[in-house]
Amino acid sequence: VKKILLSLVVLAGLAHAAATPAKAEITEVEIIFINADTNGDLVIGKAEFIIVATTQFDLTDSDRNNSLDKKEVGALADDPEFSDNDSDKDGALSFEEMIQEKLADFASADTNGDGLLSFEEVVKAYEGAQ
Ligand SMILES: [Ca+2]
Ligand SMILES: [Ca+2]
Ligand SMILES: [Ca+2]
Ligand SMILES: [Ca+2]
């Protein structure tokens, strides 16, 4: 369950711009969901999930070497998850390492195994990560 946290931090980062005090009745998880559901069918497919992850990866990879090192991820580098996800232990997260982790997050959040994340599944994963 802990493994979903980095994804949600990533999604929350993307959603941040949409979160205005005037819309305080909309919860953070709703904003995350709406932002990720680019085709508006009220479920998040694997492709939508990967687009969000890829966009965030590209934004974070400031030197464009297709790898996130500790100075690029900032405080997240201190999260034990960063070293867990760094499977080849080279001190950086490659795009492949990141996608592998995201697909694992997707699978664990998709509790009914239909290949889509419903709002309820996202809420459960989000609450589990708190
Ligand atoms: Ca969708
Ligand atoms: Ca980089
Ligand atoms: Ca690595
Ligand atoms: Ca599902």
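Listed residues ALA92, ALA75; which is among the hydrophobic types (A, V, I, L, M, F, W, C) and either modelled with pLDDT under 95 or within 16 Å of ligand 4 (Cβ to nearest atom) (or both)?
From the options ALA92, ALA75, the qualifying one is ALA75.
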Test: VAL9 is under 20 Å from GLN130 (Cβ atoms), at pLDDT below 90 and surrounded by 15 or more Cβ atoms within 10 Å (Cβ to Cβ): yes
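Output the residue which, of all residues in region 23-59 that are within 16 Å of ligand 2 (Cβ to nearest atom) and crowded, with 17+ Cβ neighbours inside 10 Å, is farthest from the chain's Cα centre (by Cα). Break it down stepwise before answering.
Residues of region 23-59 within 16 Å of ligand 2 (Cβ to nearest atom): 53-59.
Still in the list and also crowded, with 17+ Cβ neighbours inside 10 Å: 53, 56-57.
Numbers: ALA53: 6, GLN56: 8, PHE57: 10 Å.
Filtering first and then ranking leaves PHE57.
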Qualifying residue in region 91-100 (condition: away from ligand 3 (no atom under 15 Å from the Cβ) and part of a helix (DSSP H, G or I)): no
Selection within region 60-111 - of a type in the set (A, V, I, L, M) and under 27 Å from LYS124 (Cα atoms): VAL73, ALA75, LEU76, ALA77, LEU93, MET98, ILE99, LEU103, ALA104, ALA107, ALA109
Some residue of region 106-118 being within 16 Å of ligand 1 (Cβ to nearest atom), of a type in the set (A, V, I, L, M, F, W, C) and over 20 Å from GLU28 (Cβ atoms): yes
Selection count where residues are within 6 Å of ligand 3 (Cβ to nearest atom) and surrounded by 12 or more Cβ atoms within 10 Å (Cβ to Cβ), scope region 78-90: 1
Test for GLU97: is it closer than 25 Å to LEU59 by Cβ, charged (D, E, K, R) and surrounded by 14 or more Cβ atoms within 10 Å (Cβ to Cβ): yes
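The values are calculated or read from the model by the stated rules, or taken from the named source; none is laboratory data. Keep in mind it's a predicted model, so treat the numbers as computed, not measured. Every residue, glycine as well, gets a Cβ built from its backbone with ideal geometry; the counts of neighbours run over all protein chains shown.
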